[in-house]
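The values are calculated or read from the model by the stated rules, or taken from the named source; none is laboratory data. Since the model is a prediction, treat every value here as computed from it, not as a measurement. Here the Cβ positions follow ideal geometry from the backbone for every residue, glycine too, while neighbour counts run over all protein chains shown.
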Amino acid sequence: MQRLMTAATLALALLAPSTLAGGADEIRPADDYRMELNYISMQEAEQLVGNKEVYFFDVNTLELWAEGFIPGAVHFFTEDWKSLLPKDKNAQMIFYCANRLCNASEIAAFSVMQLGYTNVRQMPDGIYGWRMSGRPTEKP
């Protein structure tokens, strides 16, 4: 009898995790709901500066923006940022912040993508990379 009880307990213990953890569902990778961010290098971005069909958005603090920004860029770190967006949801937009350690431009880019904009890019090197490479900046 003791042997039968031990075998029954062991059988239940082996079956219990599968019933508690999703039952008989097929094991498969989780669905990926995160949007892919399209990165742009400083070299590529530099070629687009001055193009009236490309929008540069500086997602830095006002103090950092005032020290210098990519020519033509718009300061994006405001409460009414949606009013700064172009009407054309296919317009090319480039977001940047301070550097690779800053994620403000990634957050801004993802927020814009969630609104349906399709041509959104992010420049990881940010304004510090831009300045350190000797590229031109503007001041307000």
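State all residues of segment 92-123 that are in a loop (DSSP other than H, G, I, E, B) and touching a strand residue (DSSP E or B) at 6+ places or on another chain (Cβ under 6 Å); if no residue qualifies, say none.
Selection gives 119, 123.
Residue 109 falls short on exactly one of the conditions (1) surrounded by 19 or more Cβ atoms within 10 Å (Cβ to Cβ); (2) among the small types (Gly, Ala, Ser); (3) touching a Pro at 6+ places or on another chain (Cβ under 9 Å), and that condition is (3).
This table checks each residue for (1) at pLDDT below 95; (2) in contact with a helix residue (DSSP H, G or I) (Cβ under 8 Å, 6 or more places away or on another chain); (3) part of a loop (DSSP other than H, G, I, E, B).
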residue	(1), (2), (3)
36	yes, no, yes
43	no, no, no
55	no, no, no
60	no, yes, yes
64	no, yes, no
